[in-house]
Amino acid sequence: MLPWEKKTRVLLVDDSADMRGNVRRLLSFTPTIVIVGEAANGEEAVLHCRGLQPDVVLMDLSMPRMDGVQAAQAILKEYPDTCVVIMSAYGEQYNIDRSLAAGAQAFLIKPFSIEVLVETIQRLHRPGS
C-alpha cells in the first residue's frame, strides 16, 4: 500500500452500542477511514489502544468505569501521538474545557453531521503523515 493510500485507523468508544453502530455506519462510506475496534468504556479503550494502536480515538465523554477525560489522559500518557476526539451531548463550556485540558484535540457536540465528523478526523490525522 502506498503512503497516500493509508487509512486513518479509528478506535470508537461509547457506552451506547447504538451510537457506536451509527458512527460505524456513517464512517463506512469514507474510504480513507477505517474503524479498527470498539470499546464500551474508558478502561476498554486504554486496553484496546495497546493492541490496536489507532491513529484517532473517537470517545464519548460520559461512560461508566472510566470517563472520556480520564481515558484520554491515560491513552495520551502512553501514546502521545494518538489523536483523541471527545464527543458528548453535554456541550457546556466546562466539559469542553476539561476535555481539551486532558489532551483531547477536539470536542464534538452530539448530534453531529457526518461532514463535521469526517472533517475533524481528517484535520487531526493525515494518512501517510
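The values are calculated or read from the model by the stated rules, or taken from the named source; none is laboratory data. Note that this is a predicted model, so its numbers are computed, not measured. Cβ sites come from the backbone with ideal geometry, for glycine too, and all protein chains shown count toward neighbours.
Structure notes:
To keep it simple, each residue is scored yes or no on (1) charged (D, E, K, R); (2) over 13 Å from the mean Cα position of the chain (by Cα).
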position: 50; (1), (2): yes, yes
position: 54; (1), (2): no, no
position: 72; (1), (2): no, no
position: 77; (1), (2): yes, yes
position: 90; (1), (2): no, yes
position: 95; (1), (2): no, yes
position: 106; (1), (2): no, no
position: 121; (1), (2): no, no
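Listed here are the residues, each with its yes/no results for (1) at pLDDT below 95; (2) within 23 Å of residue 126 (Cα to Cα); (3) not in a helix (DSSP H, G or I).
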residue: 4; (1), (2), (3): yes, yes, no
residue: 18; (1), (2), (3): no, no, no
residue: 21; (1), (2), (3): no, no, no
residue: 29; (1), (2), (3): yes, yes, yes
residue: 45; (1), (2), (3): no, yes, no
residue: 48; (1), (2), (3): no, yes, no
residue: 57; (1), (2), (3): no, yes, yes
residue: 64; (1), (2), (3): yes, no, yes
residue: 70; (1), (2), (3): no, no, no
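- Within segment 56-68, the residues that satisfy the criterion of being over 9 Å from the mean Cα position of the chain (by Cα) and surrounded by 22 or more Cβ atoms within 10 Å (Cβ to Cβ) are 61, 63, 68.
- Qualifying residue in segment 67-79 (condition: of a type in the set (Asp, Glu) and touching a strand residue (DSSP E or B) at 6+ places or on another chain (Cβ under 7 Å)): no
- So residue 38, is it charged (D, E, K, R), more than 19 Å from residue 123 (Cα to Cα) and assigned to a strand (DSSP E or B): yes
- Restricting attention to segment 21-33, the residues that are surrounded by fewer than 16 Cβ atoms within 10 Å (Cβ to Cβ) and either small (Gly, Ala, Ser) or under 12 Å from the mean Cα position of the chain (by Cα) (or both) add up to 3.
Yes or no, residue by residue, for (1) hydroxyl-bearing (Ser, Thr, Tyr); (2) assigned to a loop (DSSP other than H, G, I, E, B); (3) at pLDDT below 95:
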| site | (1), (2), (3) |
| --- | --- |
| 84 | no, no, no |
| 90 | yes, yes, yes |
| 94 | yes, no, no |
| 97 | no, no, no |
| 112 | no, yes, yes |
| 119 | no, no, no |
| 129 | yes, yes, yes |
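- Being touching a residue at least 12 places away in the same chain (Cβ under 8 Å), among the aliphatic types (A, V, I, L, M) and more than 20 Å from residue 123 (Cα to Cα) is a description that applies to residue 74.
- Residues (among the hydroxyl-bearing types (Ser, Thr, Tyr) and within 16 Å of residue 13 (Cα to Cα)) located in segment 80-119: 82, 88, 99
- One residue from 96, 114, 86, 121 being hydrophobic (A, V, I, L, M, F, W, C) and surrounded by fewer than 16 Cβ atoms within 10 Å (Cβ to Cβ): 114
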